[in-house]
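Before I ask anything, here is the structure I am working with.
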């Protein structure tokens, strides 16, 4: 970078700082039972987290070791519910309970296998996509047609894939904020119905990943109404490339697929809740959390054991303060993010208290360092914004000028109902290397990064929970 | 580094360079049919390789796509023999043939599975070790005892593991030259018999890897005579760590293992040979090559399709020179490195021509860049050494002062019979992340690195094959 001119927003801050020497925070007594000035309390809890004083690692280690992967509808998810209830109580949270809801159908993986059978014989590393229908039990054997992008598949004429299997081998771009996922994931989510509409009898996608591990990456698909539902799986990137190379030779490779799965109708699910009560019941509640459910091949460490651990650990540091901030902090361990439903169920169950919910934010982008805080739209010289910038700067976290827009899929329902959201953007450079795969395990988590994330969350929460006014 | 004083050896070179202005190489005519000065020819073939003019990528792409993994004794290895014969002929090599030998036993993997059954239920990512005996078909279920290092297992009292399964969870150190493999691999090779001697009924090792992928890494074990042979497998690193964490909780985890395998007695195997004939039949032969066999879970791309491709491509560039160097270059695609035997078979078959073999070297450390050339012991101011230093410097390859000692396991037998060896050390920083695992696939190979390796090999070979005198 060749210039160091401050942005306009920063210039505004500098001007304001000159005019008002002291931050616009309520002045409070220093006696232990009285609240510290929020900035001081925020810096204290931030530094406690950084020094290893949070329970985030312990929670994440426990969840991944004792429970492991926990798809919604599985016995492991039931164990995870009990784990979260017990842990939230042990942390001293109040009002700890599980809020039950029903999933129309929980998807359960069965045996899966695949192989190239001609012109060579080679096993394929693959994993079924969530919500995929099964193949017949004898499997499907057919020629595979390879498309370099989803757009190329869309361009294929209707009927052109009749009796064949479509593969979209579109790579994903590595972006620090994970923004490459959106354009790539369409191949997984919508590819099956796009292929089926053109006559395909099964669908494969290159794993939606920035990594190059052989292990395939799962995730949910979305069938389009009125189009035949065809079985669908993700291939390891090396396997997708191998098929592309065979096609480049002029071969018309044939593959055999066996994908077993079943569905549990009206499956029970839960959002587990615990609270750190605020000093002022009228000051409203801030909803935070991560999702407790996970995909099945790994341990659900970065997706999203980390989010549960980071937010619960941040709340615990506030719980332990001699004086709580004004607002209540509510931690929710959502119970069905991966196959959908927990955010909508939460919003529906809490429709009558929406006005009481001051802010909402989810931690669901792994265990990497926090880089940035995005807030609801507010003036650049808002004193709260300035206080947040000051307390977060030592963590190398800045307060972005854009308003928060993507605060996690489990708070989408609240957002739609009018609850303002905030976002602590994490470094997701490596996140999609292991996301939704067998490689999502505890050893991928850098403890110091996890603790930095807790520090950013707790400092942010303390200031937000002590702040005046609303964000609407 | 704070000082830039040249080493003593380099000082010697500088002095010599001042005294003798021109390198001590035979002066030759410039006419096309006459040999170029070796330095010029070496620089030409080096630059041709760097510019993408070698067949290395094409060979490696073909081998990994069309043949894939090729354990000795498998039908794939038979296909690989035919592939190598056809390819060597198509490259214009002379005297192309396969030299058959017999393996006492070829090991064949069967179905394998493992799981933690108590205090939690969790599948384990594992892979059987080469030469392991199978478990009973119903499997083995027992408590697992975890040791942090092989030394800790050695320290366990005799009989202390009776009826139990031993796990050594010793990590491997990442070293640029791959030197961390030696100290780590003992846990795989010798751990089974060390555990069996202490009463263990099965053995597990953390995968011998610098990576953290869930995919386990196989490799051969060596049973000690007089000790019961117990089944043995490697765990993914996350799985080994999970068991360690359970033990750290005071649990005595129980696991279930099913490892099927069989052996083919008197299995046929082959070393495939092709030659680039030298101008002077009396000037002797330089033996180079890589090994054609591979482990089964990946594609055998970096281990060791790359070595076959690099050395055959280097020989091909010399084959295409208008005038060949004096010495013959013989490329050998060895046929049983992973489970042993091809080097010994080759040395035995060529015992009578050992005096005719001037030098030998194998490429078996992946597809990374060459960093260093090690030669047989010679004076620091030897003109050949100086010429090599000059032609390799643009590739950022230096000529090391130590004598070559580890030139690849397939030339160990020749070395023991008195054939001098040379070594082109590759950057192995990432090699053991994927070695012997499902992740050893073509997409891990950086084409520019592969071509730099060919450039280093071909420049070195041209000068060695044109040089005077011997290396004994």
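The values are calculated or read from the model by the stated rules, or taken from the named source; none is laboratory data. All values reported here derive from a predicted model rather than from experimental measurement. Note: ideal-geometry Cβ built from the backbone for every residue, glycine included; neighbour counts use all protein chains shown.
Looking at region B:116-130 only, could you name the residues that are assigned to a loop (DSSP other than H, G, I, E, B), within 14 Å of chain A (Cβ to nearest Cβ) and under 34 Å from the mean Cα position of the chain (by Cα)? Break it down into steps so the answer makes sense when it comes.
At the first step, the residues of region B:116-130 found to be assigned to a loop (DSSP other than H, G, I, E, B) are B:119-121, B:124-125, B:129.
Okay, now just the ones that are also within 14 Å of chain A (Cβ to nearest Cβ), so B:119-121, B:124-125.
B:124, B:125 - these are the residues of region B:116-130 that are assigned to a loop (DSSP other than H, G, I, E, B), within 14 Å of chain A (Cβ to nearest Cβ) and under 34 Å from the mean Cα position of the chain (by Cα).
Inspect region A:190-209 for any residue being closer than 19 Å to residue A:432 by Cβ and surrounded by fewer than 22 Cβ atoms within 10 Å (Cβ to Cβ) and give the result as yes or no.
Checked against the condition, which is being closer than 19 Å to residue A:432 by Cβ and surrounded by fewer than 22 Cβ atoms within 10 Å (Cβ to Cβ), region A:190-209 yields at least one hit.
Residue under question is residue B:448, and the condition is that it be under 21 Å from residue B:293 (Cα atoms), in a helix (DSSP H, G or I), more than 14 Å from chain A (Cβ to nearest Cβ) and modelled with pLDDT of 95 or more; does it hold?
So residue B:448 fails the test.
Conditions tested, residue by residue: (1) within 14 Å of chain A (Cβ to nearest Cβ); (2) under 33 Å from the mean Cα position of the chain (by Cα); (3) outside any loop (DSSP other than H, G, I, E, B); (4) buried (at least 17 other Cβ atoms within 10 Å of the Cβ).
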{"residue": "B:132", "(1), (2), (3), (4)": "no, yes, no, yes"}
{"residue": "B:138", "(1), (2), (3), (4)": "no, no, no, no"}
{"residue": "B:146", "(1), (2), (3), (4)": "yes, yes, yes, yes"}
{"residue": "B:151", "(1), (2), (3), (4)": "no, yes, yes, no"}
{"residue": "B:162", "(1), (2), (3), (4)": "no, no, no, no"}
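Could you go through region A:451-467 and let me know if any residue there is surrounded by fewer than 19 Cβ atoms within 10 Å (Cβ to Cβ), touching a residue at least 40 places away in the same chain (Cβ under 8 Å), over 15 Å from the mean Cα position of the chain (by Cα) and more than 14 Å from chain B (Cβ to nearest Cβ).
Initial filter on region A:451-467 (surrounded by fewer than 19 Cβ atoms within 10 Å (Cβ to Cβ)): none.
Looking through region A:451-467, none of the residues is surrounded by fewer than 19 Cβ atoms within 10 Å (Cβ to Cβ), touching a residue at least 40 places away in the same chain (Cβ under 8 Å), over 15 Å from the mean Cα position of the chain (by Cα) and more than 14 Å from chain B (Cβ to nearest Cβ).
Still on this structure: Assess whether residue A:295 counts as being part of a loop (DSSP other than H, G, I, E, B) and crowded, with 21+ Cβ neighbours inside 10 Å.
In short, yes.
Looking for whichever is in contact with a strand residue (DSSP E or B) (Cβ under 6 Å, 6 or more places away or on another chain) and either at pLDDT 95 or above or away from every other protein chain (no Cβ under 14 Å) (or both) here; the options are B:194, B:230. Which one fits?
Matching residue, one of B:194, B:230: B:230.
Next question, about the same structure. Tell me, which residue of region A:387-443 that is within 14 Å of another protein chain (Cβ to nearest Cβ) and in contact with a helix residue (DSSP H, G or I) (Cβ under 6 Å, 6 or more places away or on another chain) is nearest to residue A:341 (Cα to Cα)?
So, considering only residues that are within 14 Å of another protein chain (Cβ to nearest Cβ) and in contact with a helix residue (DSSP H, G or I) (Cβ under 6 Å, 6 or more places away or on another chain), the one nearest to residue A:341 (Cα to Cα) is A:435.
Among the listed residues B:300, B:361, B:343, identify the single one that is surrounded by 23 or more Cβ atoms within 10 Å (Cβ to Cβ), in contact with a helix residue (DSSP H, G or I) (Cβ under 6 Å, 6 or more places away or on another chain) and touching a residue at least 60 places away in the same chain (Cβ under 8 Å).
B:343
How many of the residues making up region A:210-232 are farther than 23 Å from residue B:125 by Cβ and buried (at least 22 other Cβ atoms within 10 Å of the Cβ)?
Going through region A:210-232 one residue at a time, the tally reaches 4.
Give the number of residues within region B:40-58 that are crowded, with 22+ Cβ neighbours inside 10 Å and in a helix (DSSP H, G or I).
6
Does residue A:306 meet the test of being more than 18 Å from the chain's Cα centre (by Cα), more than 14 Å from chain B (Cβ to nearest Cβ) and either in a helix (DSSP H, G or I) or modelled with pLDDT under 95 (or both)? Quick ask: steps written out before the conclusion?
Values: more than 18 Å from the chain's Cα centre (by Cα): no; more than 14 Å from chain B (Cβ to nearest Cβ): yes; either in a helix (DSSP H, G or I) or modelled with pLDDT under 95 (or both): yes.
Judged against the criteria, residue A:306 is not a match.
Quick grid of which residues meet (1) in contact with a strand residue (DSSP E or B) (Cβ under 7 Å, 6 or more places away or on another chain); (2) assigned to a loop (DSSP other than H, G, I, E, B):
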position	(1), (2)
B:113	yes, no
B:174	no, yes
B:182	no, no
B:186	no, no
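Spot the failing condition for residue A:250; the list is (1) assigned to a loop (DSSP other than H, G, I, E, B); (2) within 14 Å of chain B (Cβ to nearest Cβ); (3) buried (at least 24 other Cβ atoms within 10 Å of the Cβ), and only one is missed.
Unmet condition: (3).
Then there's this: Name the residue that is farthest from the other protein chains (Cβ to nearest Cβ), counting only residues in region A:233-247 that are closer than 13 Å to residue A:124 by Cβ and touching a helix residue (DSSP H, G or I) at 6+ places or on another chain (Cβ under 8 Å).
Per the criteria, the residue is A:234.
Determine whether region A:390-411 contains at least one residue that is in a loop (DSSP other than H, G, I, E, B), in contact with a strand residue (DSSP E or B) (Cβ under 9 Å, 6 or more places away or on another chain), crowded, with 24+ Cβ neighbours inside 10 Å and on the phi < 0 side of the Ramachandran plot.
The first filter runs over region A:390-411 and keeps only residues in a loop (DSSP other than H, G, I, E, B), leaving A:396-397, A:404-408.
Adding the requirement that they be in contact with a strand residue (DSSP E or B) (Cβ under 9 Å, 6 or more places away or on another chain) leaves A:396-397, A:404-408.
Subsequent filtering for residues that are crowded, with 24+ Cβ neighbours inside 10 Å retains A:397, A:407-408.
From what is left, the residues that are on the phi < 0 side of the Ramachandran plot are A:397, A:407.
Yes; the residues of region A:390-411 include at least one that is in a loop (DSSP other than H, G, I, E, B), in contact with a strand residue (DSSP E or B) (Cβ under 9 Å, 6 or more places away or on another chain), crowded, with 24+ Cβ neighbours inside 10 Å and on the phi < 0 side of the Ramachandran plot.
For residue A:356, work out the one condition from (1) surrounded by 20 or more Cβ atoms within 10 Å (Cβ to Cβ); (2) over 22 Å from residue A:50 (Cβ atoms) it doesn't fulfil.
Going through (1) surrounded by 20 or more Cβ atoms within 10 Å (Cβ to Cβ); (2) over 22 Å from residue A:50 (Cβ atoms) one by one, residue A:356 breaks only (1).
What number of residues in region A:205-227 are more than 14 Å from chain B (Cβ to nearest Cβ), touching a residue at least 60 places away in the same chain (Cβ under 8 Å) and outside any strand (DSSP E or B)?
5
Which of the residues that make up region B:59-79 are outside any loop (DSSP other than H, G, I, E, B) and within 12 Å of chain A (Cβ to nearest Cβ)?
B:60, B:61, B:62, B:63, B:64, B:65, B:66, B:67, B:75, B:76, B:79 - these are the residues of region B:59-79 that are outside any loop (DSSP other than H, G, I, E, B) and within 12 Å of chain A (Cβ to nearest Cβ).
Could you list, in sequence order, the residues of region A:414-441 that are closer than 24 Å to residue A:345 by Cβ and either out of contact with any strand residue (DSSP E or B) (no Cβ under 7 Å at 6 or more places or on another chain) or part of a helix (DSSP H, G or I) (or both)?
Residues satisfying the conditions are A:414, A:415, A:416, A:417, A:418.
Of the residues A:274, A:298, only one is closer than 30 Å to residue A:330 by Cβ and within 11 Å of chain B (Cβ to nearest Cβ); which?
Answer to the check: A:298.
Here's something else I'd like to know. Report the residue count in region A:256-292 for those that are assigned to a loop (DSSP other than H, G, I, E, B) and under 23 Å from residue A:368 (Cβ atoms).
Of the residues in region A:256-292, 1 are assigned to a loop (DSSP other than H, G, I, E, B) and under 23 Å from residue A:368 (Cβ atoms).
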